[in-house]
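One structure is given below, encoded as structure tokens.
The values are calculated or read from the model by the stated rules, or taken from the named source; none is laboratory data. Computed from a predicted model, the values in this text were never measured in an experiment. Counting neighbours? That spans all protein chains shown, and the Cβs are built from the backbone with ideal geometry, glycine included. Heavy atoms of the whole protein, side chains included, go into the accessibility calculation; ligands, DNA and RNA do not. Shrake-Rupley method; radii C 1.70, N 1.55, O 1.52, S 1.80 Å.
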Amino acid sequence: MSSRRLQQIIPSVATSDGAGVSLRRSLGQSQSARVDPFLMLDEFSSDDPNDYIAGFPSHPHRGFETVTYMLDGHMLHEDHLGNRGDLLPGGAQWMTAGRGIIHSEMPQQESGRMRGFQLWINLPAAEKMKPAHYRDIRPDEIPQAALPGGGEARVIAGSIVVEGREVAGPVQGLATEALYIDVHLPAGGHFAQDLATGHSAFVYAYEGNLAVGPADNSRPLSAQDAGVLSAGNSVEISAVDGPVRFLLLAARPLGEPVVQYGPFVMNSREEIEQAIADYRNDRLV
Ligand code: FE
């Protein structure tokens with residue numbers, strides 16, 4: 001088997017969403033910029049409250065999962081099920097929209113830094129209409145493993161193996177078998193991990209520049225770019241010119257048709273029209 005190589009780079013673009021939150025979107029900026037089952041990845045990072053204060057007021061979702069991972073700042077999540085959760089630095093929120101959720105995500109600060117990510121993961125057709133499910137993950141529920149050679153990895157979903165020991169994140173048992181890890185490496189540091197053969201995978205560098213791939217066949221990946229990995233059963237990533245931080249995501253591809261209309265992601269045009277009609281008639285959730 002083989003070490004995965006950097007196959008395609010999706011540079012992030014500046015955009016805004018919600019009521020006017022500035023962010024950088026890599027996956028999801030166009031319909032071709034997806035890595036099945038991953039639909040979208042946004043990074044928000046700003047010290048200027050004008051970039052985030054408007055937040056994400058009440059809005060619907062159907063047919064997929066949203067994962068918010070906070071690095072800095074404080075947001076409050078509320079949904080129609082009565083869930084209310086604080087998003088704090090180092091914590092995450094795993095929200096399975098299923099047939100429908102109506103929620104808001106609003107900043108709880110008027111100054112200081114707000115920084116984090118929102119990832120959208122598709123659901124298989126068989127799970128798109130299941131009841132909505134919400135999970136708040138406190139920072140101390142996310143295991144942090146020291147890496148040989150320096151640095152650390154935080155495991156949000158799925159499992160990795162570090163020096164022969166399995167490190168399992170709090171989110172397990174998804175149909176997509178998603179792996180979501182946040183890796184920090186010192187200058188010159190190196191990260192190697194087995195990845196399930198046949199799973200899609202990408203890396204998002206959010207601080208510093210990476211070299212992705214085996215030492216004799218690596219390619220550079222710059223900060224704020226997503227790098228899609230080729231097939232293979234492992235990945236190697238190095239810090240080239242200073243310390244780096246990156247997300248590594250992998251999952252079983254669904255191989256199903258994707259029809260998206262804003263916050264609704266279904267398998268057919270008819271199902272999207274149904275979602276719009278349900279939302280208009282208060283029958284989404
Ligand atoms: Fe949302």
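For this structure, a couple of remarks:
- Subset of the range 130-160 (residues that are assigned to a loop (DSSP other than H, G, I, E, B), surrounded by 14 or more Cβ atoms within 10 Å (Cβ to Cβ) and in contact (Cβ under 8 Å) with a residue 40 or more places away in the chain): 132, 142, 147, 151, 158
- In summary, residue 124 fulfils each of the numbered conditions (1) open to solvent by 50 Å² or more (accessible area, probe 1.4 Å); (2) closer than 26 Å to residue 172 by Cβ; (3) more than 16 Å from the ligand (Cβ to nearest atom); (4) of a type outside the set (Ser, Thr, Tyr) with the single exception of condition (1).
- Test set (1) of a type outside the set (Phe, Trp, Tyr); (2) under 29 Å from residue 223 (Cα atoms); (3) within 16 Å of the ligand (Cβ to nearest atom) - residue 275 fails condition number: (2)
- Among the residues of the range 234-264, just one is away from the ligand (no atom under 16 Å from the Cβ), without any contact (Cβ under 8 Å) to a residue 40 or more places away in the chain and either under 18 Å from the mean Cα position of the chain (by Cα) or part of a strand (DSSP E or B) (or both), namely 259.
- Among the conditions (1) within 26 Å of residue 63 (Cα to Cα); (2) outside any strand (DSSP E or B); (3) open to solvent by 50 Å² or more (accessible area, probe 1.4 Å), the only one that residue 231 does not satisfy is (1).
- Of all residues in the range 30-60 being of a type in the set (A, V, I, L, M) and open to solvent by less than 30 Å² (accessible area, probe 1.4 Å), the one that is farthest from the chain's Cα centre (by Cα): 33
- Residues located in the range 230-252, provided they are out of contact with any Ser or Thr (no Cβ under 8 Å at 6 or more places or on another chain) and not hydroxyl-bearing (Ser, Thr, Tyr): 237, 239, 240, 241, 242, 243, 244, 245, 246, 247, 248, 249
- If the condition is being touching a strand residue (DSSP E or B) at 6+ places or on another chain (Cβ under 8 Å) and basic (Lys, Arg), then the range 131-157 contributes 135, 154.
- Annotation note: Cβ proximity below 7 Å between a residue of the range 116-127 that is over 17 Å from residue 263 (Cβ atoms) and a residue that is among the charged types (D, E, K, R) (sequence gap 6+ or interchain) occurs for 117/42; 117/43; 124/256; 125/256.
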